[in-house]
Amino acid sequence: MKDFDMAKELFKDTINPKLYFDSMSAQIAKDKIEEAIGEQTTALIFVIGESGVGKSFIINMMHNLIAQKQLTTLLTHPCFDKRDLLKILY
């Protein structure tokens, strides 16, 4: 059981900011997200891209940054029923 616990730590899914490098495309994405957040008419922001490009990292980083200034909700899982969404929001 001890070996299993050690192996489990190796495969733990975590975000380590020290492993992230700020590329030009990441900066453009952050700028566009900040711009969209600043607009009064923006209700939803969708971030799409290939797997492993850093979508989740940028969204979490932006959420934490914006949450210090204004109310924000980060949905980490899709809502397939509008009642589920309403439960999260209210």
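The values are calculated or read from the model by the stated rules, or taken from the named source; none is laboratory data. Just so it is clear, the structure is predicted and the values come from calculations on it, not from any experiment. Reconstructed Cβ throughout: ideal geometry from the backbone, glycine too, with neighbour counts over all protein chains shown. Protein only, heavy atoms only, side chains kept; ligands, DNA and RNA dropped before computing areas. Shrake-Rupley method; radii C 1.70, N 1.55, O 1.52, S 1.80 Å.
Scanning the stretch 7-48 for residues that are under 26 Å from L85 (Cα atoms) and hydroxyl-bearing (S, T, Y), we see that the one that is modelled with the highest pLDDT is T41.
Residue count for the stretch 56-90 under the criterion of being surrounded by 10 or more Cβ atoms within 10 Å (Cβ to Cβ) and either in contact (Cβ under 8 Å) with a residue 60 or more places away in the chain or part of a helix (DSSP H, G or I) (or both): the result is 17. The numbered conditions (1) modelled with pLDDT of 80 or more; (2) open to solvent by less than 100 Å² (accessible area, probe 1.4 Å) are all true for S51 except (2).
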